[in-house]
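Written out below as structure tokens is the structure these notes cover.
The values are calculated or read from the model by the stated rules, or taken from the named source; none is laboratory data. Please read these numbers as outputs of a predicted model, since none were measured by experiment. A quick note on method: Cβ atoms are made from the backbone with ideal geometry, for glycine too, and the neighbour counts reach across all protein chains shown.
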Amino acid sequence: MQNEKKVLAALYCRVSTGDQDTGAQETELKRYAEVRGWTIFKIYRDKGYRGTTTNRPALQELLSDARQHRFNAILVFRFDRFARSLRELLNALELCRQSRIAFVSATEGIDTSSASGELIFHIFGAIAQFERSLIGARVRSGLQHAREQGKRIGRPVEKLLSEEEQRQVVQERTQKRSSLRKLAREHGTTVWQVSRALARKHAV
């Protein structure tokens with residue numbers, strides 16, 4: 001693909017702290033683009049953002065430009081500079097595939113426009129699916145264990161107030177000016193049940 005048409009490459013660089021510099025990454029990526037004969041469309045820089053931060057401005061701008069087909073290759077220094085998790089990486093790779101954009105990691109030898117790179121994409125997808133299966137199995141196992149221990153699963157049953165408790169709620173609300181939240185806490189029920197008790201009193 002790259003040898004048949006002009007390639008506009010978006011370069012993405014990230015450092016975790018504001019006092020670090022993206023210069024080393026940029027130098028490597030520019031050298032890689034030059035060797036491949038690519039034209040640099042734009043360099044997207046995120047400084048002071050850790051990989052676990054989802055809302056990185058430059059990354060969001062890059063993904064937005066990708067959806068608009070403003071370039072046909074994304075070049076990164078390493079995967080971990082780009083994505084915070086395998087799932088995030090796969091989402092980006094899927095966006096690239098749908099938009100016919102090559103995704104290249106300069107230092108890891110990954111290029112999704114090549115046959116081997118396409119294979120890597122499928123391997124990552126299989127790993128992600130395996131990860132989801134493991135998580136699902138752990139959740140189901142945890143729920144089963146909780147049931148065996150006699151623990152209630154899901155939202156607790158809402159306690160209904162007896163007639164006597166409703167009278168107490170009305171009395172405390174009138175005399176002590178107790179808040180609905182406090183009344184609910186003291187009677188072991190919800191604010192909704194307290195409100196219903198008070199509404200019945202006013203309706204009488």
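Points to keep in mind about this one:
- Entry remark, region 12-26: residues being under 13 Å from ALA73 (Cβ atoms) and either in a loop (DSSP other than H, G, I, E, B) or not assigned by TED's automatic domain parsing to the domain that holds ARG67 (or both) number 0 in total.
- LEU29, sole failed condition from (1) at pLDDT below 90; (2) part of a helix (DSSP H, G or I): (1)
- Selection from region 38-75 of residues that are at pLDDT 90 or above, part of a strand (DSSP E or B) and not small (Gly, Ala, Ser): THR39, ILE40, PHE41, LYS42, ILE43, TYR44, ARG45, ASP46, ILE74, LEU75
- The helices (runs of 4 or more DSSP H) falling completely within region 77-188 that include 1 or more residues that are over 23 Å from the mean Cα position of the chain (by Cα), modelled with pLDDT under 80 and basic (Lys, Arg) map to 115-148, 163-176.
- Yes/no for SER195 being surrounded by 10 or more Cβ atoms within 10 Å (Cβ to Cβ), more than 30 Å from LYS5 (Cα to Cα) and at pLDDT 70 or above: yes
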